[in-house]
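Notes follow once the structure below has been shown.
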Amino acid sequence: MIYNRADFQTRIDRINEFRPHIALDLHYNAIHEERNEDHTNKGTRHENYSMAFVPGSFMKGELSKKDQRIDFLRILVTEDLDHSIAISKSILGALDKSAGVSPVNQAHLDAGLSTYISRACAPTEFGGVYARNLALTRQIKVPFCSLEPLCQENTTECKRLAQEDFLVDGKMMPNRIKEVVSAYVPGIKDYIQSIR
């Protein structure tokens, strides 16, 4: 998978310039760890789960630059990490309730799914919420979480995401996207009520 560092940095800069109260990164999970002999993805699977990444879990060599150490210090001395975990927990709970996708659990991890979690992440006190040192989690200067609401390679989700059964601004879209996005509003409301 190729990530465009300039694109990430532009997103980070724009979010920091806008100074929102919270920031969310939303995308669907894809497990690229199992490959066919020709290096293509093995395709659909039966597992489905959600997860969220928040700041933290710095690894060896990831504090070698001054800006990385400043980000680390900011994460330590602000409440951004605590709020990032709280909003992630609230949204994952809402996803479970309204979209029927539970947070990743130990059985998924024991089965070898998402082995990057054991390599590059630190668990928080809430299931499915992990600290991970990504450019977005480290550099965005507000409570932030990167959400993976479902596994797009899941057999059922793959079919649901391919259906164009919901009209948005004159364009047909998958209703499943609406179902998933609709879970974010109650998750955000729950988070706001918890910090009052």
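Which value, in debye to the nearest 20, describes the size of the charge dipole of the chain about its Cα centre when Lys and Arg Cβ atoms bear +1, Asp and Glu Cβ atoms bear -1, and nothing else is charged?
The calculation lands at about 500 debye.
Please figure out what share of the DSSP beta bridges in the chain is antiparallel and state it in percent, rounded to the nearest 5.
Values: 10 of 20 bridges.
Taking every DSSP beta bridge within the chain, about 50 percent pair in antiparallel fashion.
Enumerate the aspartates and glutamates that K178 could reach by cross-link, defined here as Cα to Cα under 14 Å, with residues fewer than 8 away along the same chain left out.
Hits, sequence-local ones excluded: E157, E164, D165, D169.
Rounded to the nearest 500, what is the 222 nm mean residue ellipticity of the chain from helices alone, with -39500 (n - 2.57) per DSSP H run of 4+ residues and division by all residues? Provide the component values of the computation, followed by the final result.
Values: 9 runs with 85 residues, N = 196.
Mean residue ellipticity at 222 nm (helix-derived): -12500 deg cm²/dmol.
Please list, in chain and number order, the residues 5+ apart from I22 or on another chain whose amide H is under 5 Å from its amide H, with Hs placed from the backbone.
For I22, whose amide H was placed from the backbone, there are no distant partners under 5 Å.
Membrane-span-like helices in the chain: DSSP H runs reaching 15 Å or more (Cα, own axis), mean Kyte hydropathy at least -1.0? Numbers along the way, then the final one.
Working: long enough: 5-18 (20 Å, -1.09); 66-77 (17 Å, 0.02); 80-94 (21 Å, 0.52); 184-195 (17 Å, 0.12).
Long hydrophobic helices here: 66-77, 80-94, 184-195.
From the square roots a ≥ b ≥ c of the eigenvalues of the alpha-carbon gyration tensor of the stretch 20-195, which class results: rounded (a/c under 1.5), prolate (a/b over b/c), or oblate?
Oblate.
How would H83, H46 line up from fewest to most surrounding beta-carbon atoms within 10 angstrom?
On the way: H83 20, H46 9.
Lowest count first: H46, H83.
The numbers here are math on the coordinates, done by the rules we state, and not lab data. Fair warning: this is a prediction, and the values are worked out from it, not measured in the lab. Quick reminder, even Gly has a Cβ in these numbers, built from the backbone with ideal geometry, and neighbours come from all protein chains shown.
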